[in-house]
1. Report the Cα-based extents of the stretch 47-194 along its three principal axes, largest first, to the nearest Å.
2. Across the stretch 1-51, how large is the tail of the calculated P(r) beyond 15 Å, expressed as a percent of all Cα pairs?
3. Which three numbers, in whole Å and largest first, are the semi-axes of the equivalent ellipsoid of the stretch 1-99 derived from its Cα gyration tensor as √(5λ)?
4. How large is the helix-only mean residue ellipticity at 222 nm for the chain, computed as the sum of -39500 (n - 2.57) over DSSP H runs with n ≥ 4, divided by its residue count, in deg cm²/dmol to the nearest 500?
5. Helix 66-75 sits at what angle to the longest principal axis of the chain, using alpha carbons and giving 0 to 90 degrees rounded to 10?
6. What ratio of Cα Rg to 2.2 N^0.38 Å holds for the stretch 124-192?
7. Measure nothing fancy, just the Cα-based angle from helix 165-192's long axis to the longest principal axis of the chain, in degrees from 0 to 90, nearest 10.
8. Full extension from residue 162 to residue 100: what is 0.36 nm times the residue separation minus their Cα-Cα distance, to one decimal in nm?
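Taken together, the values in this text are just the output of simple stated rules run on the coordinates, not laboratory data. Computed from a predicted structure; not experimentally measured.
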């Protein structure tokens, strides 16, 4: 069976990336081959270094350079990319090089509350402001438009009247940690059987 090599791209604390790396540790068909962040203070850096996973800290000029990112992934023979709280626009050249092989997770039920500038607490605030009774996560593939790639899976949670941005963030993060690695695994397994 082919062993997929994943790169994890992170801008924040990296809790999702750490969860994914832990899930795939010692996996028989998936290996984390690269950790990329544009946040030099991300606490995930030390975690990935301790796991002996190649870490690259990039600046925003490098993040916008498709060829740079392609070469970075090629050096580690990466075949799929996982965005885990990565907030930079993915360059078109990189999207074409990894066509239908870049995963992303959005903290709402797309197509609602997606698009440019809709990430993190902004999404939860918009969900609460709209008076929604449920929210959740969308795992999708990346294309050249923010949050418009093909949906792979959605998982739901209730929005209660007394929810705040923080309580909703926690509910959504539980869904992310429970489901994101499994959706990635299932999608890669389907590829192996095509």
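1. 49, 38, 33
2. Tail of P(r) above 15 Å: 40 percent of Cα pairs.
3. Whole-Å semi-axes of the equivalent ellipsoid: 20, 17, 11.
4. -11500 deg cm²/dmol
5. Helix 66-75 and the main axis of the chain meet at about 60 degrees.
6. That ratio works out to 1.25.
7. 40 degrees
8. Once the chain is fully extended between residue 162 and residue 100, it gains 18.4 nm.
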